[in-house]
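The values are calculated or read from the model by the stated rules, or taken from the named source; none is laboratory data. Note that the structure is predicted; figures quoted are calculated from it, not measured. Methodologically, a virtual Cβ is constructed for each residue, glycine included, from the backbone with ideal geometry; neighbour enumeration extends over all protein chains shown.
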Amino acid sequence: MKYLDEFRDSNTVQKLSVAIGQITRHPWTIMEVCGGQTHSIVRYGLDRLLPPGITLIHGPGCPVCVTPIELIDTACELAKLPDVIFCSFGDMLRVPGTHEDLLKVKAQGGDVRIIYSPLDAVAIARANPSRQIVIFAVGFETTAPAQAMAILQAQQLKLQNFFVLVAHVLVPPAMEALLSSPENRVQGFLAAGHVCTIMGYDMYEPISQKYQVPIVVTGFEPVDILEGVKMVVQQLEDGRSIVENQYARSVHRSGNVEAQKVIDEVFEPSSRHWRGIGTIPNSGLALQPAFSQFDALQHFHDCISQTAVTPSPSSECESGRILQGLMKPSDCAAFGTRCTPDHPLGAPMVSSEGACAAYFRYRPSKVTGP
Amino acid sequence: MSQNPSFQPQCPLPLASDETIRLAHGGGGRLMQQLIHEIFLEAFSNSYLNALQDSAVLPAQDGRLAMTTDSYVVQPLFFPGGDIGSLAVHGTINDLAMMGASPRYLSAGFILEEGLSIDMLKQVVSSMAKTAQDCGVHIVCGDTKVVDRGKGDQIFINTTGLGVIPQSVDIGPHRLTPGDRIIVSGDLGAHGMAVLSQREGLEFSGNLISDSAPLHGVIADLLNHHVPIHCLRDLTRGGLASALSELATAGPFTMTIEESRIPISEPVRGACEILGLDPLYVANEGRFVMFLPPEDVDEALSILHQHAVSKEAVAIGEIGGTPSTPTQALVTLQTRYGTHRILDLLSGEQLPRIC
């Protein structure tokens, strides 16, 4: 398959693995930001092709994992309302709220539907004028343009029954929050290729300069990831810290300007709570005032119980430290025993891009490989 | 269809295709009789069924009997490569075939939703009848219920299958042996992705066509050639990974398969990539995995390659041995990079990812 096979080629992977070994002289800790990259690394065992001094830690780039629990609770409340059709991407459905998840709500009679594009929800709204459609807008900058398009379409069509529960988050503020933490261990970043496809990468340049940290925009296939690691290691060994682009077949420096315009037209930056990490200023998106009629939180204000205080997640769940790269999933005492995909204590065990789920699926620590 | 044979239907008007199923079609009265005669008997006609007794009375069989049951609730009812009717025959026949049994008889239970079009029912029943005929099995008894609109999803079908296992045949997980080779009968994931893309209106490049097919023919051929099959498993829900995981747990045995040898078509790969699904866990309806001694692999493959349904069969791995510790990983996939990953049962079904 074109654009895939050449980036999974085993010869190229082996050569990159050897090349990284040859240039590595010191131990380095590198974070891959995106959950899609984490998944690829664990699925293909790429970290095992690196020299022992190179540690990959898994960043907070899984939108499902960082969506705050109170928003999941609100989603469940809305999905239970008899007039509501609640639309969500598939992997949000199993994420545990305080008492239940959306799959349970669906089983109890809530009309919860999996969509593949936010535009599907517009079609559902048109086809069901007597129902109220709520879409759970989750994701990073990658999914924000499609979400914004859906809202613009709803406006054009003058839909009165289309509402958005916005949970969009932004990558650069989270990276800065990690770097400014006193516990930070990250010496270099693989930036998330899909996010940069939309947003470009010029906004990383001040971060790279300020914190003296190499940032390499990286794709998702094995060759991409090893090439990204090699570029970061080379910079670290050379004592450089700049922004480089490994994923040039998809990413341009200024990104997709049209998509950015659509995002800016509909959304504005807002302070956002990240599950397991805390509140990060300007790290989320909220609807511009001109689009407030689509805001599910406003429209259903009277139906939502006010859980302003974040309910404490399971005291055993270390997802916050895992999402910040301070520990590996398999280091958690509950991993694979009291916390499994069947009974997740925290979101990273649920989402297909969650670090804990990736470890559980591909290399449970309570079992050993061959 | 287990009705008093002396009762004669008296409804003068034939069932029109533009009519819909009403609750009365399941009510035991004239409308039900009409449905049974004009649709089911018309399509499935055979001497066991036509007797319309409370039970079908079947001749004594020479050999051990295998019996299995399965319910079919697929949406959409019609998909590229099949429909719920053909699936209800293939699925149950294949479960019999996996024990080495020759399928003989099926039952057919229908749960119809009020409002279903008669035309659609006729199409499903006609497909089911044709598939059964092609597979050499008789549908010998049945049942029809009609549920209120909204309490079903057009048509649910249950089929129970009865087959005969030849005297010398002994196939099952109890015969799995360390060193056994693992053969998969063809490319994986086509059924699941064809149904999903049809249901969700997703358009992918390339043709996604279900692999739904009967497997008893090729299994009979292997047995006729005395290929010493140890175990067979059809790769339905949960796909290859779940089937291997279940069999490995039953041992318990370790198994290793090679990623680069597992056949997956380009359209399935593409669709799975986009949706973030793992084709090793996607459902098939005409694929199976076979375990047999290493020395018999070549002969088995040459027979498999003569059948359209298994022309792409390939050996993908082997059973290692018994696990050295109770917690050792059982099924391991060797990636094309020489690294390993574990294949385990999923928590539930795979859910498409966000981005």
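Working carefully through the options A:ILE263, A:ILE280, find the one that is in contact with a helix residue (DSSP H, G or I) (Cβ under 7 Å, 6 or more places away or on another chain), of a type in the set (A, V, I, L, M, F, W, C) and part of a helix (DSSP H, G or I).
Values: A:ILE280 fails: part of a helix (DSSP H, G or I).
Selected residue: A:ILE263, the only one of A:ILE263, A:ILE280 that is in contact with a helix residue (DSSP H, G or I) (Cβ under 7 Å, 6 or more places away or on another chain), of a type in the set (A, V, I, L, M, F, W, C) and part of a helix (DSSP H, G or I).
Answer yes or no: is there a residue in region A:205-214 that is outside any loop (DSSP other than H, G, I, E, B), crowded, with 23+ Cβ neighbours inside 10 Å and over 17 Å from the mean Cα position of the chain (by Cα).
We begin by selecting, within region A:205-214, every residue outside any loop (DSSP other than H, G, I, E, B); these are A:205-211.
Still in the running and crowded, with 23+ Cβ neighbours inside 10 Å: A:208.
Applying the additional criterion that residues be over 17 Å from the mean Cα position of the chain (by Cα) yields A:208.
Looking for residues that are outside any loop (DSSP other than H, G, I, E, B), crowded, with 23+ Cβ neighbours inside 10 Å and over 17 Å from the mean Cα position of the chain (by Cα), one finds at least one in region A:205-214, hence yes.
Looking only at region B:206-246, how many residues end up being touching a residue at least 12 places away in the same chain (Cβ under 8 Å) and in a helix (DSSP H, G or I)?
Quick first cut of region B:206-246, residues touching a residue at least 12 places away in the same chain (Cβ under 8 Å) only: B:206-223, B:225, B:227-246.
Now restrict to residues that are in a helix (DSSP H, G or I): B:216-223, B:239-246.
So the answer is 16.
In region B:338-355, which residues are part of a strand (DSSP E or B) and facing chain A (nearest Cβ under 8 Å)? Before you say what the answer is, go through the steps one by one.
Let us first name the residues in region B:338-355 that are part of a strand (DSSP E or B), namely B:340-343.
Correct list: B:HIS340, B:ARG341, B:ILE342.
How many residues, within region A:137-164, are in contact with a Phe, Trp or Tyr (Cβ under 7 Å, 6 or more places away or on another chain) and within 14 Å of chain B (Cβ to nearest Cβ)?
Selection size over region A:137-164: 2.
Assess whether B:GLY82 counts as being closer than 16 Å to B:SER212 by Cβ and buried (at least 16 other Cβ atoms within 10 Å of the Cβ). It would help to see each step written out before you state the result.
Working: closer than 16 Å to B:SER212 by Cβ: yes; buried (at least 16 other Cβ atoms within 10 Å of the Cβ): yes.
Considered against the rule, which asks whether it is closer than 16 Å to B:SER212 by Cβ and buried (at least 16 other Cβ atoms within 10 Å of the Cβ), B:GLY82 comes out as yes.
So which residues in region A:159-179 are free of Cβ contacts under 8 Å to residues at least 60 places away in the same chain and of a type in the set (A, V, I, L, M), if there are any at all?
Matches in region A:159-179: A:LEU159, A:LEU179.
Got a sec? Which of B:GLU273, B:GLU259, B:GLU266, B:GLU295 is without any contact (Cβ under 8 Å) to a residue 12 or more places away in the chain and within 14 Å of chain A (Cβ to nearest Cβ)?
Working: B:GLU259 fails: without any contact (Cβ under 8 Å) to a residue 12 or more places away in the chain; B:GLU266 fails: without any contact (Cβ under 8 Å) to a residue 12 or more places away in the chain; B:GLU295 fails: within 14 Å of chain A (Cβ to nearest Cβ).
None of the other options fit; the residue is B:GLU273.
Taking region B:254-268 as the search range and keeping residues that are touching a Pro at 6+ places or on another chain (Cβ under 7 Å) and not polar (S, T, N, Q), which one is nearest to A:TYR362 (Cα to Cα)?
Among residues in region B:254-268 that are touching a Pro at 6+ places or on another chain (Cβ under 7 Å) and not polar (S, T, N, Q), the one nearest to A:TYR362 (Cα to Cα) is B:ILE264.
Consider B:GLU203 against the criteria (1) in contact with a strand residue (DSSP E or B) (Cβ under 8 Å, 6 or more places away or on another chain); (2) assigned to a loop (DSSP other than H, G, I, E, B): it satisfies all of them except one. Which criterion is unmet?
(1)
Hey, does region A:25-39 have a residue that's surrounded by fewer than 19 Cβ atoms within 10 Å (Cβ to Cβ), in contact (Cβ under 8 Å) with a residue 12 or more places away in the chain and not in a loop (DSSP other than H, G, I, E, B)? Full working, then the answer.
Of region A:25-39, the ones surrounded by fewer than 19 Cβ atoms within 10 Å (Cβ to Cβ) are A:25-27, A:29.
Restricting the remaining residues to those that are in contact (Cβ under 8 Å) with a residue 12 or more places away in the chain gives A:25-27, A:29.
Imposing the further condition that a residue be not in a loop (DSSP other than H, G, I, E, B) reduces the set to A:29.
Yes, region A:25-39 contains at least one residue that is surrounded by fewer than 19 Cβ atoms within 10 Å (Cβ to Cβ), in contact (Cβ under 8 Å) with a residue 12 or more places away in the chain and not in a loop (DSSP other than H, G, I, E, B).
I'd like the full set of residues that are surrounded by fewer than 16 Cβ atoms within 10 Å (Cβ to Cβ) and either more than 8 Å from every other protein chain (Cβ to nearest Cβ) or touching a strand residue (DSSP E or B) at 6+ places or on another chain (Cβ under 7 Å) (or both), limited to region B:313-337.
Selection gives B:GLY321, B:THR322, B:SER324, B:PRO326.
Quickly run through region B:112-141 and pick out the residues that are outside any helix (DSSP H, G or I), surrounded by fewer than 22 Cβ atoms within 10 Å (Cβ to Cβ) and touching a Phe, Trp or Tyr at 6+ places or on another chain (Cβ under 9 Å).
Those that are outside any helix (DSSP H, G or I), surrounded by fewer than 22 Cβ atoms within 10 Å (Cβ to Cβ) and touching a Phe, Trp or Tyr at 6+ places or on another chain (Cβ under 9 Å): B:GLU113, B:HIS138.
Could you tell me whether any residue of region B:76-84 is part of a loop (DSSP other than H, G, I, E, B) and closer than 23 Å to B:SER17 by Cβ? Write out each step before concluding.
Initial filter on region B:76-84 (part of a loop (DSSP other than H, G, I, E, B)): B:76-77, B:80-81.
Next, only the ones that are closer than 23 Å to B:SER17 by Cβ stay: B:76-77.
Yes, there is a match, as at least one residue in region B:76-84 is part of a loop (DSSP other than H, G, I, E, B) and closer than 23 Å to B:SER17 by Cβ.
Of the residues A:SER270, A:SER283, A:SER330, which single one is in the same structural domain as A:THR74 (by TED's automatic domain parsing), modelled with pLDDT of 85 or more and more than 16 Å from the chain's Cα centre (by Cα)?
Selected residue: A:SER270, the only one of A:SER270, A:SER283, A:SER330 that is in the same structural domain as A:THR74 (by TED's automatic domain parsing), modelled with pLDDT of 85 or more and more than 16 Å from the chain's Cα centre (by Cα).
Provide a single number: the residues in region A:63-101 that are assigned to a helix (DSSP H, G or I) and under 20 Å from A:TRP274 (Cβ atoms).
From region A:63-101, those assigned to a helix (DSSP H, G or I) are A:63-66, A:69-80, A:90-92; that's our starting set.
Still in the running and under 20 Å from A:TRP274 (Cβ atoms): A:63-66, A:69-76, A:91-92.
Residues in region A:63-101 being assigned to a helix (DSSP H, G or I) and under 20 Å from A:TRP274 (Cβ atoms): 14 in total.
Can you pull out the helices (runs of 4 or more DSSP H) entirely within region A:111-202 that have at least 2 residues that are within 19 Å of A:PRO269 (Cβ to Cβ)? Break it down stepwise before answering.
On the way: elements: A:118-127, A:144-156, A:171-180, A:193-199.
Once the helices (runs of 4 or more DSSP H) in region A:111-202 are filtered for at least 2 residues that are within 19 Å of A:PRO269 (Cβ to Cβ), what remains is A:144-156, A:171-180, A:193-199.
Which residue is surrounded by the fewest Cβ atoms within 10 Å (Cβ to Cβ), if the candidates are limited to region B:167-186 and must be outside any helix (DSSP H, G or I) and in contact with a helix residue (DSSP H, G or I) (Cβ under 7 Å, 6 or more places away or on another chain)? Don't jump to the end; show me each part of the working.
First, the residues of region B:167-186 that are outside any helix (DSSP H, G or I): B:167-172, B:176-186.
If we keep only those that are in contact with a helix residue (DSSP H, G or I) (Cβ under 7 Å, 6 or more places away or on another chain) too, we end up with B:169, B:176, B:179, B:181, B:183-186.
Working: B:VAL169: 16, B:LEU176: 18, B:GLY179: 10, B:ARG181: 20, B:ILE183: 23, B:VAL184: 26, B:SER185: 28, B:GLY186: 23.
The selected residue is B:GLY179.
Yes/no matrix, rows are residues, columns are (1) assigned to a loop (DSSP other than H, G, I, E, B); (2) modelled with pLDDT of 80 or more; (3) more than 12 Å from every other protein chain (Cβ to nearest Cβ):
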{"site": "A:LEU326", "(1), (2), (3)": "yes, yes, yes"}
{"site": "A:ASP342", "(1), (2), (3)": "yes, yes, no"}
{"site": "A:LEU345", "(1), (2), (3)": "yes, yes, yes"}
{"site": "A:VAL367", "(1), (2), (3)": "yes, no, no"}
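When region A:1-13 is examined, which residues are found to be without any contact (Cβ under 8 Å) to a residue 24 or more places away in the chain and not hydrophobic (A, V, I, L, M, F, W, C)?
Within region A:1-13, A:LYS2, A:ASP5, A:SER10, A:ASN11 meet the criteria.
Quick one: count up the residues across region B:292-331 that are outside any loop (DSSP other than H, G, I, E, B) and either out of contact with any Lys or Arg (no Cβ under 7 Å at 6 or more places or on another chain) or not assigned by TED's automatic domain parsing to the domain that holds B:ILE182 (or both).
15
Could you list, in sequence order, the residues of region B:187-207 that are farther than 26 Å from A:CYS87 by Cα and surrounded by 23 or more Cβ atoms within 10 Å (Cβ to Cβ)?
Of everything in region B:187-207, those that are farther than 26 Å from A:CYS87 by Cα and surrounded by 23 or more Cβ atoms within 10 Å (Cβ to Cβ) turn out to be B:LEU188, B:GLY189, B:ALA190.
I need the full set of residues from region A:72-105 which are within 14 Å of chain B (Cβ to nearest Cβ) and within 14 Å of A:ARG131 (Cβ to Cβ), in order please.
Of everything in region A:72-105, just one residue is within 14 Å of chain B (Cβ to nearest Cβ) and within 14 Å of A:ARG131 (Cβ to Cβ), namely A:CYS87.
Please go through region B:142-166 and pick out each residue that is in a loop (DSSP other than H, G, I, E, B) and within 19 Å of B:SER102 (Cβ to Cβ).
First, the residues of region B:142-166 that are in a loop (DSSP other than H, G, I, E, B): B:148-154, B:166.
B:PRO166, the sole residue that qualifies.
Mind checking whether some residue in region A:245-258 is surrounded by 14 or more Cβ atoms within 10 Å (Cβ to Cβ), in contact with a helix residue (DSSP H, G or I) (Cβ under 8 Å, 6 or more places away or on another chain) and in a helix (DSSP H, G or I)?
Within region A:245-258, not a single residue is surrounded by 14 or more Cβ atoms within 10 Å (Cβ to Cβ), in contact with a helix residue (DSSP H, G or I) (Cβ under 8 Å, 6 or more places away or on another chain) and in a helix (DSSP H, G or I).
Is region B:68-89 home to any residue that is charged (D, E, K, R) and farther than 28 Å from B:PHE204 by Cα? Break it down stepwise before answering.
Narrowing region B:68-89 to residues charged (D, E, K, R): B:70, B:83.
This time we only want the ones that are farther than 28 Å from B:PHE204 by Cα, so: B:70.
Yes, because at least one residue in region B:68-89 is charged (D, E, K, R) and farther than 28 Å from B:PHE204 by Cα.
May I ask you to verify whether A:GLY109 is at positive phi and small (Gly, Ala, Ser)? It would help to see each step written out before you state the result.
On the way: at positive phi: yes; small (Gly, Ala, Ser): yes.
Criteria met by A:GLY109.
Table: residues versus (1) among the small types (Gly, Ala, Ser); (2) touching a helix residue (DSSP H, G or I) at 6+ places or on another chain (Cβ under 7 Å).
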site: B:ILE39; (1), (2): no, yes
site: B:LEU58; (1), (2): no, yes
site: B:ASP83; (1), (2): no, yes
site: B:ALA88; (1), (2): yes, yes
site: B:MET99; (1), (2): no, no
site: B:ARG104; (1), (2): no, no
site: B:ILE111; (1), (2): no, no
